[in-house]
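The values are calculated or read from the model by the stated rules, or taken from the named source; none is laboratory data. In this text the structure is predicted, and so the values were computed from the model without any measurement. Here the Cβ positions follow ideal geometry from the backbone for every residue, glycine too, while neighbour counts run over all protein chains shown. In case anyone asks, the SASA skips ligands and DNA or RNA and just uses the protein heavy atoms, side chains included. Shrake-Rupley method; radii C 1.70, N 1.55, O 1.52, S 1.80 Å.
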Amino acid sequence: NIDALLDINRVIKAGRVINTESDPAPEELAQQQLNAYNLRDIDAFLEPYSDTVKVYNFPDEFQYQGKDAMRKGYADFFKNTPLLHCKLVKRIVLGNTVIDQEEVSGFGNDYVLKAIAIYKIKDGKIIEVYFDRGN
């Protein structure tokens, strides 16, 4: 019955029940921003972040704060890097922390950036990000 689509009370994804009334799981937020990154969709990319997100170079070198600053940095990057792609190598989830090992390509040559991204989640949003590019 097509009318049943208006009365969905449970979603099951990969064998896991997704509660649509609670905050998304930390790994869902990390995946959401990764998917948008690969699509170079700046609005979708910023959606899982808090308005006051803080971005650091690992371990504690502050870079900037807020979605507006993040938009400034990523909008041109997405526009000027049409082959940009981030491959998730491994993901570790521990409570409200997500650690992604990544390989980023598409810079116009064979260069692949190997990096770690650490996402701290609170109240259904990414509130802090730490990047380690292996420097």
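Note that the stretch 23-135 presents 58 Å² accessible area per residue, ligands and nucleic acids not counted, probe 1.4 Å.
Counted by Cβ distance under 13 Å from Asp123, the other residues give a net charge of 0, where Lys and Arg count +1 and Asp and Glu count -1.
Taking the Cβ of Asp110 as the centre, find all other residues whose Cβ is under 15 Å away and add up their charges (Lys, Arg: +1; Asp, Glu: -1). Net local charge, Asp110 excluded: +1. Residue ranges 35-44, 82-91 sort as 35-44, 82-91 when ordered by packing (mean number of other C-beta atoms within 10 Å per residue, highest first).
Prolate is the label for the stretch 29-74. Its Cα gyration tensor axes, ordered a ≥ b ≥ c, give a/c of at least 1.5 and a/b above b/c. Other residues lying with their Cβ under 11 Å from the Cβ of Asn57 contribute a combined charge of -2, Lys and Arg counting +1, Asp and Glu -1. Peptides 55-65, 94-104 ranked from most to least packed give 94-104, 55-65, packing being the mean of other C-beta atoms within 10 angstrom over each peptide's residues. For the stretch 57-122, with all protein chains present and a 1.4 Å probe, just round the carbon and sulfur fraction of the accessible area to a whole percent. C and S fraction of accessible area: 53 percent.
Give the shape of the stretch 46-135 as rounded, prolate or oblate, defined through the alpha-carbon gyration tensor: a ≥ b ≥ c are the square roots of its eigenvalues, a/c under 1.5 means rounded, and otherwise the shape is prolate if a/b is larger than b/c and oblate if not. Since a/c reaches 1.5 but b/c is at least a/b, the shape of the stretch 46-135 is classed as oblate.
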